[in-house]
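Asker: For reference, the structure I am asking about is given below.
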Amino acid sequence: MKYKRIFRIFGTALILSLLMAVIPAIPVLAAKTINLNPLQGKVGDRISVIGSGFTRSTESAIRYVNLYFSSDPPQTGTYYINNQITHYTLLHEGTEIDEGDGATSDTGEFGYTFTVPSTIGTSTVTPGTNYYVYVSLEYTAPPTQTDWILIRTYAQFTVIPGATLDPLSPASGPANTDVTISGANFAVSSPILFKYDETAIAPKSGDMSTRSSGIFISTITIPSSTPGAHTISITVGTSTVTATFTVTAAATIDTLLPTSGPAGTEVTISGTNFPVSTPIIFKYDTTTISPKTGDAATRTSGVFISTLTIPQSTAGPHAIYVTAGSSTANVTFNVTTPTPSPTPTPTPAPAPTPAPAPAPAPSTTPLSISQTTGAVGQPLMVGGTGFSPNANISVKYDDKEIATGKAGANGTFMSNIFPVPTGKHGDHTITASDGPHTSKITFTVESVPPKVPQPEKPEMGVKAKTPITFTWASVTDNSSPVSYYLQVASASDFSASSIILDKTALSKSEYILTEAEELKLAGQESSLFWRIKAVDAALNESDWTGAGQFSIAQPFKFTGWLLYATIGVGVVLIFLFGFWMGRRTAFYY
């Protein structure tokens, strides 16, 4: 008994000694944490995530974590993505944990930079709200079902209001228009960089830097530029916000009929590209005059047609000014001197009545149009002089009547507004006629091709599954509408013999194959190629896109060794069944 007690004492001492030697060598497990820099930001800002205390990767086992951005607050205890955390956006899948070194065997780190998302699912990220960045359990590829959804740690992030621009005032107009720009939530007391497209411009007036509240109000002048949409960008520090300004063609006087005559003459005047639905001020030299008839304000298309009476004035040229909003255009009217009355002469004896003269051939009269070149769908007006008083006028575009008008008592007429019809780019003849009088003028449809559409699906190299759908980005063009051509071929050069599918005049930026077309493509075991191009209403064609490569997911085929093996198994089974039936028959007999 004595020896047993001694052995117990020595054994206990030995165990305690070993524990004392081992315990100091066991490292303290570091807590798994992540740090965000910064802790708050706007939608679109770049945020850094640094994680530490995670199980490090090794040469034989690379470990990963997933990062999530969520509006759901953290839970107590164990919680999972798609269970307790249901409103989230996956920031990154498979963020690799560093291997570290021998001294930090279990304090693996990782780093990642994400962009603050604008939405979480169908919900918009709201400034002034707290959100959370969650990190999953470490895992090796491929992860188990629960590895990547079990939450390990998190950090809170606050979304603050982003820089915003108020609507431009005005948002459209011709070059040299003064535009007021204002914004809020920018960095305070910081210089502002204004850009028109890619060119830096200085404001005409207002703030050059943001105010202490982060707002600004400035006025810029639109530089000379082509009609259409242009981008105005405002940059303060790291924040850039853009707005679109649409440059319209310069306001012009299209028609003045007639262009000369004595004081008291009634003239028809028309113009285009003025601000829409805006009161018009007419001036004769420096005197404001009111229209006798017609438009006192521009129409919703920015055009007007009015009749003015030339006031008493000296002989010679005089300016007629038309102003609507910030747009002014002018034209010259030439006042002629009155013709002296002839001295009366004795009335001669009546001459014999001559034989009736043949009907005169139709005469040609002056004709004008609001624009001589333009796009399909653009509004046009036609006017002319020298027509029969009060006559009905027919206006034809090539050989199709598209508008009518009625001449006034002085033989002057102005047609109603009509859109340029769909047709091939190039020259087209516009004819106005009242029967005895006919006049023609040429209108040229623009010949600028539309942009090349950008292909979307199927992506390069994918194996497409039914229903096979082709999609591409829509194209806009001055001559609308735009249609699309789609080709699918077995060769990337799209030679005539390789084209399998050729679709034309597609009105949408998507095409879904019919069942028959899918079967036709499914018969091709090698790679297929597709391309598209855009065609506008003036029949201008863009270039083809590059060849997109894809293949068709082939249906299961019961061929080869599998077919022969199945036949062999069937034969064996039939033999065994026949042998079994034979044995049973023999038994009964």
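The values are calculated or read from the model by the stated rules, or taken from the named source; none is laboratory data. Fair warning: this is a prediction, and the values are worked out from it, not measured in the lab. For neighbour counting, all protein chains shown are included, and Cβ atoms are generated from backbone atoms with ideal geometry for every residue, glycine included. Only protein heavy atoms, including side chains, enter the accessible area calculation; ligands, DNA and RNA are left aside. Shrake-Rupley method; radii C 1.70, N 1.55, O 1.52, S 1.80 Å.
Asker: For a quick check of your reading of the model, give me the residue pairs whose first member lies in the stretch 223-239 and is open to solvent by less than 30 Å² (accessible area, probe 1.4 Å), whose second is of a type in the set (S, T, N, Q), with beta-carbon atoms closer than 6 Å and at least 6 apart or on different chains.
Answerer: Listed pairs, sorted by first residue: Ser233/Thr240; Ser233/Thr242; Val236/Ser190; Val236/Thr210.
Asker: Give, as residue ranges, the strands (runs of 3 or more DSSP E) completely inside the stretch 174-213 that count at least 1 residues that are open to solvent by less than 80 Å² (accessible area, probe 1.4 Å) and free of Cβ contacts under 8 Å to residues at least 24 places away in the same chain.
Answerer: Working: elements: 178-184, 193-196, 199-201.
Strands (runs of 3 or more DSSP E) meeting the threshold: 199-201.
Asker: Can you go through Lys424, Lys440 and tell me which one is part of a strand (DSSP E or B) and exposed (fewer than 15 other Cβ atoms within 10 Å of the Cβ)? Let's see the steps before the verdict.
Answerer: Details: Lys424 fails: part of a strand (DSSP E or B).
After applying the criteria, what remains is Lys440.
Asker: Of everything in the stretch 41-55, what is within 33 Å of the chain's Cα centre (by Cα) and at pLDDT below 90? Give them in sequence order.
Answerer: Gly41, Lys42, Val43, Gly44, Asp45, Arg46 - these are the residues of the stretch 41-55 that are within 33 Å of the chain's Cα centre (by Cα) and at pLDDT below 90.
Asker: Next up: Find all pairs meeting these conditions: Cβ atoms under 6 angstrom apart; at least six residues apart or on different chains; first residue within the stretch 516-540 and open to solvent by 60 Å² or more (accessible area, probe 1.4 Å); second residue of a type in the set (D, E, K, R).
Answerer: Going by the 6 Å Cβ cut-off, the qualifying pairs are Leu539/Lys424.
Asker: Is there a residue in the stretch 284-304 that is touching an Asp or Glu at 6+ places or on another chain (Cβ under 9 Å) and surrounded by 14 or more Cβ atoms within 10 Å (Cβ to Cβ)?
Answerer: Looking through the stretch 284-304, at least one residue is touching an Asp or Glu at 6+ places or on another chain (Cβ under 9 Å) and surrounded by 14 or more Cβ atoms within 10 Å (Cβ to Cβ).
Asker: Among strands (runs of 3 or more DSSP E) lying entirely in the stretch 53-135, which contain 1 or more residues that are out of contact with any Phe, Trp or Tyr (no Cβ under 6 Å at 6 or more places or on another chain) and open to solvent by less than 60 Å² (accessible area, probe 1.4 Å)?
Answerer: Values: elements: 63-70, 88-96, 108-115.
Those strands (runs of 3 or more DSSP E) span 63-70, 108-115.
To keep it simple, each residue is scored yes or no on (1) small (Gly, Ala, Ser); (2) under 23 Å from Thr476 (Cβ atoms); (3) modelled with pLDDT of 90 or more.
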| site | (1), (2), (3) |
| --- | --- |
| Gly162 | yes, no, no |
| Leu168 | no, yes, yes |
| Phe194 | no, no, yes |
| Arg211 | no, no, yes |
| Ile222 | no, yes, yes |
| Thr252 | no, no, no |
| Pro258 | no, no, no |
| Pro262 | no, no, yes |
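Asker: Out of all the residues in the stretch 464-479, is one or more part of a loop (DSSP other than H, G, I, E, B), open to solvent by less than 70 Å² (accessible area, probe 1.4 Å) and of a type in the set (S, T, N, Q)? Spell out how you get there, then give the answer.
Answerer: Let us first name the residues in the stretch 464-479 that are part of a loop (DSSP other than H, G, I, E, B), namely 465-468, 473-479.
The next check asks that each one be open to solvent by less than 70 Å² (accessible area, probe 1.4 Å); those that pass are 468, 473, 475, 477, 479.
With the extra rule that they be of a type in the set (S, T, N, Q), the set shrinks to 479.
Within the stretch 464-479, one or more residues are part of a loop (DSSP other than H, G, I, E, B), open to solvent by less than 70 Å² (accessible area, probe 1.4 Å) and of a type in the set (S, T, N, Q).
Asker: Does any residue of the stretch 247-258 turn out to be farther than 18 Å from Gly294 by Cβ and crowded, with 19+ Cβ neighbours inside 10 Å?
Answerer: First, pick out the residues of the stretch 247-258 that are farther than 18 Å from Gly294 by Cβ: 247-250.
The next check asks that each one be crowded, with 19+ Cβ neighbours inside 10 Å; those that pass are 247-248.
The answer is yes; a qualifying residue exists.
Asker: Further question: Consider the stretch 36-52. How many of its residues are touching a Ser or Thr at 6+ places or on another chain (Cβ under 8 Å), in contact (Cβ under 8 Å) with a residue 24 or more places away in the chain, open to solvent by 60 Å² or more (accessible area, probe 1.4 Å) and part of a strand (DSSP E or B)?
Answerer: 2
Asker: Within the stretch 136-147, take every residue that is touching a helix residue (DSSP H, G or I) at 6+ places or on another chain (Cβ under 8 Å) and part of a loop (DSSP other than H, G, I, E, B) and give me the one that is nearest to Ser71 (Cα to Cα).
Answerer: Residues of the stretch 136-147 touching a helix residue (DSSP H, G or I) at 6+ places or on another chain (Cβ under 8 Å): 136-139.
Next cut, part of a loop (DSSP other than H, G, I, E, B) only: 137-138.
Values: Leu137: 20, Glu138: 22 Å.
Ranking the candidates gives Leu137 first.
Asker: Oh, and also: Would you check if there is a residue in the stretch 461-471 being among the basic types (Lys, Arg) and under 20 Å from Tyr485 (Cβ atoms)? Reasoning before the result, please.
Answerer: In the first step, residues of the stretch 461-471 are kept if they are among the basic types (Lys, Arg); the result is 463, 465.
Pick out the ones that are also under 20 Å from Tyr485 (Cβ atoms) and you get none.
Within the stretch 461-471, not a single residue is among the basic types (Lys, Arg) and under 20 Å from Tyr485 (Cβ atoms).
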